[in-house]
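Undergrad: This structure is in structure tokens; I'll ask about it shortly.
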Amino acid sequence: MKKNLDTICVQGGWKPKKGEPRVLPIYQSTTFKYDTSEQMARLFDLQDSGYFYTRLQNPTNDAVAAKIAELEGGVGCVLTSSGQAANFYAIFNICEAGSHFIAITGIYGGTFNLFGTTLRKLGIECTFVDPDATDEEIEAAFRDNTKCFFGETISNPGCNVFDIERFAKIAHRHGVPLIVDNTFATPINCRPFEWGADIVTHSTTKYMDGHATQVGGAVVDSGNFDWDAHSDKFSGLTTPDESYHGLTYTKEFGKMAFVTKLTAQLMRDLGSIPSPQNCFLLNLGLETLHLRMPRHVENAQKVAEWLQKHPKVAWVNYSGLQGDKYYELGQKYLPKGGCGVLAFGLKGTREDAIAFMDRLDFICIVTHVADARTCVLHPASHTHRQMTDEQLLEAGVRPDLIRLSVGIEALDDIIADLEQALK
Ligand SMILES: *Cc1c(COP(=O)(O)O)cnc(C)c1O
């Protein structure tokens, strides 16, 4: 039975059988018992499915992965120990030394470093393109060895909205999948597969958890990309894996090829699994995601409108504001609103921004974003503090940008705190 997102948030994933716990149990066990050597051997050959070692699969983790796959409308999902690991695995599952891929500018700083510096050391090259460039300019970045295109539904910290349908078409014209980091929108506000994206990633650390209790990530596959049609580019999926007795993922697993390879090969060799305890906490967060997201949007919309009218505020970026650069894209991809995160700048200097943040009362300065508690960060002073103003602008972060993550407290209290600090 096909269910609504609200029901999937509450009920998805864990389906207890007779006499089993109603609530998802924490299987805090590294290993699982079998009766014969033969049973165990069949698991190692991927001939039977079943649990044998938590680095590969665990019942608690799998229930939460199934919920996220269902929320995104995908065929399968793999959970990782962080959002960073999720983006790394999504790329590394199809790229290897000598591969190239394309990402848009203005994405999350950690992802920018991973793509621009660390993957380069592994021989994987990333070209960053301005999403505002013309189709011709973007298509010029494709090469024979290009393997995928990457963007963020709503970028962190700039709050730019990604034109998923446009970039899916461009990627598909060049025979490669579109990967979208859907962390900020969450499947409650946007489902990138409906617009042609092939793979979705998440930092579950943010809204999905919603309470800032665990660091985690997820990779979800739509099952839609035809790897065999572009077999020359994706031989890791379409030709025998010698480390698995010559098994070919697309042949054996069909639509589950991408997630099976990610689990059986990358997780086996590289680890980075979340703990079952953390997956339990993530699941508790997911149970209220559909209630929290509308409240984040409602509060952020009102705060954005209030800031925009304030005489000390120079500018506000929030796609829900009429006249915002991303208003039209927001209406198309985020009709229920984007998220609670907005960016703004004060009239004045970097020091004025710092003084404002230091005077806030319950709105805290934290290196975090997108949870129940309202918080602020000044990238130029914190996450990006080693960069000059010129370098910041190149990375798409204005030096005066304050990132405000609007929580689900009472709107009046949030505005009162901002007001007294601005005064
Ligand atoms: C936070 C974040 C990440 C990294 O996730 P971690 O869980 O911190 O490793 C990746 N992408 C986006 C959009 C993020 O906001």
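The values are calculated or read from the model by the stated rules, or taken from the named source; none is laboratory data. It should be emphasised that the depicted structure is a prediction, and the values quoted were computed from it without experimental measurement. All Cβ positions, even for glycine, are placed from backbone atoms using ideal geometry, and neighbour counts span all protein chains on display.
Undergrad: Could you list all residues from the stretch 388-414 that are touching a helix residue (DSSP H, G or I) at 6+ places or on another chain (Cβ under 9 Å) and within 17 Å of residue 353 (Cα to Cα)?
TA: Matches in the stretch 388-414: 389, 397, 398, 399, 400, 401, 402, 404, 405.
Undergrad: Being in a loop (DSSP other than H, G, I, E, B) and on the phi > 0 side of the Ramachandran plot is true for just one of 223, 254. Which residue is that?
TA: That would be 223, the only listed residue that is in a loop (DSSP other than H, G, I, E, B) and on the phi > 0 side of the Ramachandran plot.
Undergrad: Among the residues of the stretch 194-208, is there at least one that is away from the ligand (no atom under 11 Å from the Cβ) and under 14 Å from residue 104 (Cβ atoms)?
TA: Yes - at least one qualifying residue is present in the stretch 194-208.
Undergrad: Looking at 354, 414, which is the one that is closer than 17 Å to residue 297 by Cβ, outside any loop (DSSP other than H, G, I, E, B) and β-branched (Val, Ile, Thr)?
TA: Only one candidate qualifies: 414.
Undergrad: Still on this structure: Among the numbered criteria (1) under 26 Å from residue 291 (Cβ atoms); (2) crowded, with 17+ Cβ neighbours inside 10 Å, which one does residue 313 miss?
TA: Of (1) under 26 Å from residue 291 (Cβ atoms); (2) crowded, with 17+ Cβ neighbours inside 10 Å, only one is false for residue 313: (1).
Undergrad: Please tell me if residue 156 is surrounded by fewer than 20 Cβ atoms within 10 Å (Cβ to Cβ) and either in contact (Cβ under 8 Å) with a residue 24 or more places away in the chain or in a loop (DSSP other than H, G, I, E, B) (or both).
TA: So residue 156 does not fit the description; no.
Undergrad: Turning to a different aspect of this structure: Kindly indicate whether residue 400 is in a loop (DSSP other than H, G, I, E, B), within 19 Å of residue 308 (Cα to Cα) and under 26 Å from the mean Cα position of the chain (by Cα).
TA: Against the criterion (in a loop (DSSP other than H, G, I, E, B), within 19 Å of residue 308 (Cα to Cα) and under 26 Å from the mean Cα position of the chain (by Cα)), residue 400 qualifies.
Undergrad: Say we look at the stretch 237-261 and pick out the residues that are free of Cβ contacts under 8 Å to residues at least 24 places away in the same chain and β-branched (Val, Ile, Thr); which of these is surrounded by the fewest Cβ atoms within 10 Å (Cβ to Cβ)?
TA: 239
Undergrad: With outside the structural domain of residue 369 (by TED's automatic domain parsing) and part of a helix (DSSP H, G or I) as the only criterion, which of 112, 101 stands out?
TA: The match here is 112.
Undergrad: Could you look through the stretch 97-156, keep only residues that are within 16 Å of the ligand (Cβ to nearest atom) and of a type in the set (A, V, I, L, M), and pick out the one that is farthest from residue 189 (Cα to Cα)?
TA: Filtering the stretch 97-156 for residues that are within 16 Å of the ligand (Cβ to nearest atom) and of a type in the set (A, V, I, L, M), the one farthest from residue 189 (Cα to Cα) comes out as 119.
Undergrad: Considering the stretch 211-236 alone, what residues qualify as being crowded, with 24+ Cβ neighbours inside 10 Å and within 16 Å of the ligand (Cβ to nearest atom)? Show your work before the answer.
TA: Initial filter on the stretch 211-236 (crowded, with 24+ Cβ neighbours inside 10 Å): 216-222, 225, 234.
Once the filter is applied, which keeps residues that are crowded, with 24+ Cβ neighbours inside 10 Å and within 16 Å of the ligand (Cβ to nearest atom), the stretch 211-236 yields 216, 217, 218, 219, 220.
Undergrad: Can you name the number of the only condition in (1) surrounded by fewer than 23 Cβ atoms within 10 Å (Cβ to Cβ); (2) touching a residue at least 40 places away in the same chain (Cβ under 8 Å) that residue 94 fails?
TA: (1)
Undergrad: A further question on this structure: Just the residues that are in contact with a Pro (Cβ under 8 Å, 6 or more places away or on another chain), surrounded by 19 or more Cβ atoms within 10 Å (Cβ to Cβ) and either at pLDDT below 95 or not in a loop (DSSP other than H, G, I, E, B) (or both), please, taken from the stretch 321-351.
TA: 341, 343
Undergrad: Shifting gears a bit: Give the residues of the stretch 19-68 that are modelled with pLDDT of 95 or more and assigned to a helix (DSSP H, G or I), sorted by residue number.
TA: 59, 60, 61, 62, 63, 64, 65, 66, 67, 68
Undergrad: Still on this model: Counting only residues that are in a strand (DSSP E or B) and free of Cβ contacts under 8 Å to residues at least 60 places away in the same chain, which one in the stretch 163-189 is surrounded by the fewest Cβ atoms within 10 Å (Cβ to Cβ)? Give the derivation first.
TA: We begin by selecting, within the stretch 163-189, every residue in a strand (DSSP E or B); these are 178-181.
Checking the rest, the ones that are also free of Cβ contacts under 8 Å to residues at least 60 places away in the same chain come to 178, 180.
On the way: 178: 27, 180: 29.
Ranking the qualifying residues of the stretch 163-189, first place goes to 178.
Undergrad: Answer yes if at least one residue in the stretch 297-310 is in a loop (DSSP other than H, G, I, E, B), modelled with pLDDT of 95 or more and more than 16 Å from the ligand (Cβ to nearest atom), and no otherwise.
TA: Yes: one or more hits.
Undergrad: Across the stretch 33-90, which residue is nearest to residue 107 (Cα to Cα) among those that are among the aromatic types (Phe, Trp, Tyr) and more than 15 Å from the ligand (Cβ to nearest atom)?
TA: Ranking the candidates gives 53 first.
Undergrad: Can you tell me which residue within the stretch 377-389, out of those that are within 16 Å of residue 184 (Cβ to Cβ) and touching a Leu at 6+ places or on another chain (Cβ under 8 Å), is surrounded by the most Cβ atoms within 10 Å (Cβ to Cβ)? Give the derivation first.
TA: Step one: filter the stretch 377-389 for residues within 16 Å of residue 184 (Cβ to Cβ), giving 377, 379, 383.
Narrowing the set further to residues that are touching a Leu at 6+ places or on another chain (Cβ under 8 Å) leaves 379, 383.
Working: 379: 22, 383: 18.
Out of the qualifying residues, it is 379.
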